[in-house]
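Please read the structure below before turning to the comments.
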Amino acid sequence: MVTDRPPQRSTTLGEALIELVDLIAFSANSNAARRRFESATRISLGRMALALLDSLTVGPATVSDLAAALEVDMTRASRQIAAMVRIGLVVKTRESFPGDRRQVRIALTDRGIDAMNRWGDSWREQVRRPLELWVEADIDDFEKLLNTFGRRLAPYATVRIRPENDCEPSAGAKIPHLEPESRSTLERCLENVVTLVRLIGSTHFDAALESAGVHLNELEYLLLRDVEKMGPTTVGNITTRLDVPQAVVSRAVRTVRTMGLIYGEAGPDRRRMWLHLTVDGMKTANLITQSRLRDLEELFSDLTPEDRERYTELTNAYVEQLLSIADPAASRYL
């Protein structure tokens, strides 16, 4: 059993899984991912460049595919692709699609695949470390939960770029995965964590929010949650906690203010604006939380009370132990 744990962060399985999902979402939206990539590869890239490379790990894509994945126009996507071509991380090719010579596909080069593998290895090591402290029975039960979560979440995920049956990288090998027969319980559990990261990281978060009737993107949701938990607060404080450039946070704040979900109030020194949730903002934050909890309850409606309690304990333990070694900004956020 997991022992010597701090008090549980969450009292229900749904709440515990939301914390795990939000920790993954935070990692995908903050500068932590960029720092990890630079540390692992000695290549300094911006967040959009990383998102482009990550989109290509499933296989080659057209410029329009990548523009949709990055949620930018074709011109901006083309500029980003050109920059990646210049440093040798991606290549333009038609070779993998002999039946369709009209469209150029963008693919990872050998160097690009190597960089993504190095990056993947670095965060795999991070998510693996807490599990190395667990006994076999805990790992086995947690693996079952993550496997079930991934399988049941997959049909609801809106993947940004889906691989085509005849789609293979034109340079280098595909990013490797362990064969089932070679995997230990720990490795199977780790692969399920990786699958969950991919599902959440390759899903348009705004689609999940729209199912709750809320039209926010992922960063705007994280901002709203930050003001809910930490407010009244300032743009500077949000920038620090979310670990996102201040200009990006400022744009998101303007959008959320325009929607009537937060309002600003000048501080005593008149130099800083303090942000608060409006009544509609409080209602929206609660609506999102309740909708997500309801969705998770439906995903796991067949679990026994004993299994729910067991899985809640393990998920809390994993999140707490992961936060103890994670980027400091993640601890401030959660």
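Some points to look at:
- Cut-off under 5 Å, modelled amide H: who pairs with residue 278 long-range: 262, 263
- Integer Hz, Karplus 6.51/-1.76/1.60 couplings in order for the range 217-229, x for Gly and Pro: 8, 4, 5, 5, 5, 4, 5, 4, 5, 4, 5, 4, 7
- Taking θ as phi - 60° and the Karplus parameters 6.51, -1.76 and 1.60, the scalar couplings of the range 308-321 work out to 4, 4, 5, 5, 5, 4, 5, 5, 4, 4, 5, 4, 4, 6 Hz in sequence order, x denoting glycine and proline.
- Using a Förster distance of 25 Å, the FRET efficiency for residue 289-residue 251 (Cβ separation, nearest 0.05): 0.55
- Förster-model FRET efficiency, 25 Å R0, residue 34 and residue 307, C-beta, rounded to 0.05: 0.05
- Packing, taken as the mean count of other beta carbons within 10 Å per residue, orders the peptides 219-227, 58-66 from highest to lowest as 219-227, 58-66.
- Order of 152, 310 under a 10 Å beta carbon neighbour criterion, fewest first: 152, 310
- Here the simple spin-label model places points 7 Å from the Cα toward Cβ, and for residue 71 and residue 12 these points are separated by 2.7 nm.
- In order along the range 111-127, the phi-based Karplus estimate (6.51 cos²θ - 1.76 cosθ + 1.60, θ = phi - 60°) of 3J(HN,Hα) comes to 5, x, 5, 4, 5, 5, 5, 4, 4, x, 4, 5, 7, 4, 5, 5, 6 Hz; Gly and Pro are listed as x.
Read the figures in this text as sums done on the coordinates, not as results from a lab. Since this is a predicted model, take the numbers as computed values, not measurements. Neighbour counts are summed over all protein chains in view; Cβ atoms, including those assigned to glycine, are modelled from backbone coordinates with ideal geometry.
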